[in-house]
Amino acid sequence: MVEFIDWFQINYPKLKELLHRCQHNFDENETNPYHVEGDCWSHTMMVCKVAELRGYNRVVQVSALLHDIGKPQSRKINPKNNYVNFHGHEEFSAKMAEPLVADLVKKEMLRPNEAHEVVKLVALHSYLYRHSEEEIYEKFKDNLTLFKHLVELGICDDLGRFSEGMDSSSLDIDAIISKIEKNSI
């Protein structure tokens, strides 16, 4: 993981600075209950640490590093309640990740197929929160590996923040995996 973080900080210092300056909070008096750690760079480092500690492969590790790089461009404040939101940041992040993973391929830090999967994972990293088990099954029934990596990235994202309730899910992940495995035979 450290080699990817080093690569990012050395090659993309302006992007790192944008993430560091991009706050999840409206101001210093209003903390975001889902991200009390504050800025996007701190959250990203926490997500990366979980990926490293859990021993996830480099596809998940790079996805952890890049999953929120589109947040600075998508940050909006709701004037009704002063809440910060990042609607659409997944798509921004995936688009921004494309040249970065191409750089990793060029530097032989990722294979082309891994780079392609990283972009998919970044684009989908909120998918499990927004869809039913049946919709999730339909989307991933032909790609169990992508689904497992998305679950791993989701675990990193959940545990890489300080908030209540983010370490639990109502999804029965094991049942979805079992269904995909059963129907792929």
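Laboratory data are not the source of any read-out in this text; all were calculated from the coordinates shown. Please read these numbers as outputs of a predicted model, since none were measured by experiment. Note that we place each Cβ from the backbone using ideal geometry, even for glycine, and neighbour counts take in every protein chain shown.
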- Note on the structure: Here the relative contact order (percent) of the stretch 2-183, from C-alpha pairs under 8 Å and at least 6 apart, is 24
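Counting other Cβ atoms within 10 Å, which GluC sites (Glu not before Pro) in the stretch 78-146 have at most 12 and lie in a DSSP loop?
The qualifying sites are Glu108.
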- Put a dot 7 Å past each Cα toward the Cβ at Phe26 and Met109; how far apart are the dots in nm? 3.8
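Run the numbers for Ala175 and Lys76: contour at 0.36 nm per residue of separation, minus the present Cα-Cα distance, in nm.
Residue separation times 0.36 nm, minus the Cα-Cα distance, leaves 32.0 nm.
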- Task: Could you work out how far apart the two model spin labels at Leu53 and Glu3 are, taking each label as a point 7 Å from the Cα in the direction of the beta carbon, and quote it in nm?
- Result: 2.3
- Message: Binning at 5 angstrom from zero up to the longest distance, how are the C-alpha pair distances of the chain distributed in percent?
- Response: 1, 8, 16, 20, 21, 15, 10, 6, 2, 0, 0
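Name the shape class, rounded, prolate or oblate, that the alpha-carbon gyration tensor gives for the stretch 2-74, where a ≥ b ≥ c are the square roots of its eigenvalues, rounded holds for a/c under 1.5, and otherwise prolate holds if a/b is larger than b/c and oblate otherwise.
Because a/c hits 1.5 or more and a/b fails to exceed b/c, the stretch 2-74 counts as oblate.
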- Which of the cysteines in the chain are isolated, no other cysteine C-beta under 4.7 Å? Cys48, Cys156
- Take peptides 46-59, 63-76 and line them up by average Cβ neighbours within 10 Å, highest first, as a rough protection proxy. 63-76, 46-59
